[in-house]
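*Asks:* To start, I am sharing the structure in question, which I have written as structure tokens.
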Amino acid sequence: MPSNINIISYSKGQVDEFESNDINEVLSKFDSKRVNWITIRDVGLDDRPLVEHVLSFFELDPFLADDILDDNFVVFEGEYDTCLYLEYSVLPADRYLTETTTTKERGCLILGTNFLLLFKLNDLGIFAKTRRKIITGHTKALRHGADYLLYLLVRATIIAEYDLMFKELAHRLESLEDEILARPGDQLIFQKILTLRAKIKPLYNDIVGVIDFVEELRDEDSKFITSDTIKLFTKTLYREGQDLLQEYQLIRTWLNELRELHRANINDNINRVMKILTVVSTIFLPLTFLVGVYGMNFQYIPELQLRWAYPACWMTMITTSIGVVVFMWYQKWL
């Protein structure tokens, strides 16, 4: 059984709210002359009788119960004869930015003539702000129908939440860029890049889903959404969805640039090490040659019989080493 069931009935200048664990008590508050927003939280497979009872009360197709309780996300395919059915799967901005896991709030919205049903599979507070505005009367929704409420909720789930995410992501990428420049080649930074990449990837499907939904509304005449509200979907919401998609692409491009910058820093470190090893090898190469020559086991090597041969050999090696270093410095290889 869901933790509680809520109904908000409103018309211009009047808002009534009622909560209960008894679905019949909630449905008794339904007013066909007003807009009714019914929310059923934490719906699970054990709640099929409750879901079917609600569908029956509003004379909706009973097969919708399977879609409501199904864990698989269904892309919007158009409206039915009795309602407009839309599923959502959204990352809350506050949890997305502070937690390591990316738990989504999932559920569905069912729009009828004068009602909007919200079935939540889990409740992470996505619609809390919109709910407060309606209860306090600080919204234009009181002057419109249930279709405008659907517009507000869709806008709250994707546009508002993801806009906050992208703003915070931009700040994090700026900080990450500073870290990359301050600590070139740090492996921890690469892990941060991979973590951000994993967090950003799921956002694409959600944004595209909203754009596809709006395009479906634009291409088909809806029985449940008025022409004025359709304009809000097809112009305002569509434009904002496209803006979010551009922001997503910019964030992905920025992240790829940071990854390439990190790789360039690693390559610079490797090149620096290789340069040092090359310099050392070059210095010792002529010394190795001298040692190899005078280390041969021939019986007659004239220089070995001279009293000054040993210091002369040292002087030759030291002079050669200094000469190699001076030559590389003169060529600006050091």
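*Asks:* Of the numbered conditions (1) closer than 21 Å to Lys199 by Cα; (2) not in a helix (DSSP H, G or I); (3) not β-branched (Val, Ile, Thr), Phe298 satisfies every one except a single condition; which is it?
*Replies:* (1)
*Asks:* I need every pair where a residue in segment 163-190 that is touching a residue at least 12 places away in the same chain (Cβ under 8 Å) has its Cβ under 8 Å from the Cβ of a residue that is surrounded by fewer than 16 Cβ atoms within 10 Å (Cβ to Cβ) and basic (Lys, Arg), sequence separation at least 6 or different chains.
*Replies:* Hits for this filter: Ile189/Arg183.
*Asks:* Within segment 126-144, how many residues turn out to be small (Gly, Ala, Ser) and either modelled with pLDDT under 85 or surrounded by fewer than 20 Cβ atoms within 10 Å (Cβ to Cβ) (or both)?
*Replies:* Number satisfying all stated conditions: 2.
*Asks:* Determine which member of the set Thr226, Thr253, Thr236 is exposed (fewer than 12 other Cβ atoms within 10 Å of the Cβ), of a type outside the set (D, E, K, R) and assigned by TED's automatic domain parsing to the domain that holds Thr195.
*Replies:* So the residue among Thr226, Thr253, Thr236 that is exposed (fewer than 12 other Cβ atoms within 10 Å of the Cβ), of a type outside the set (D, E, K, R) and assigned by TED's automatic domain parsing to the domain that holds Thr195 is Thr253.
*Asks:* Conditions: (1) part of a helix (DSSP H, G or I); (2) at pLDDT below 90; (3) among the charged types (D, E, K, R). Asp123 meets all but one. Number of the miss?
*Replies:* (1)
*Asks:* Sticking with this one: How many residues does segment 301-320 contain that are in a helix (DSSP H, G or I) and in contact with a Phe, Trp or Tyr (Cβ under 8 Å, 6 or more places away or on another chain)?
*Replies:* 3
*Asks:* Suppose we keep only residues that are of a type in the set (S, T, N, Q) and within 35 Å of the chain's Cα centre (by Cα) within segment 22-53. Which one would you say is surrounded by the most Cβ atoms within 10 Å (Cβ to Cβ)?
*Replies:* Checked segment 22-53; the qualifying residue surrounded by the most Cβ atoms within 10 Å (Cβ to Cβ) is Asn36.
*Asks:* Is there a residue being under 30 Å from Thr82 (Cβ atoms) and not in a helix (DSSP H, G or I) anywhere in segment 211-221?
*Replies:* yes
The values are calculated or read from the model by the stated rules, or taken from the named source; none is laboratory data. Source: prediction; values computed, not measured. Counting neighbours? That spans all protein chains shown, and the Cβs are built from the backbone with ideal geometry, glycine included.
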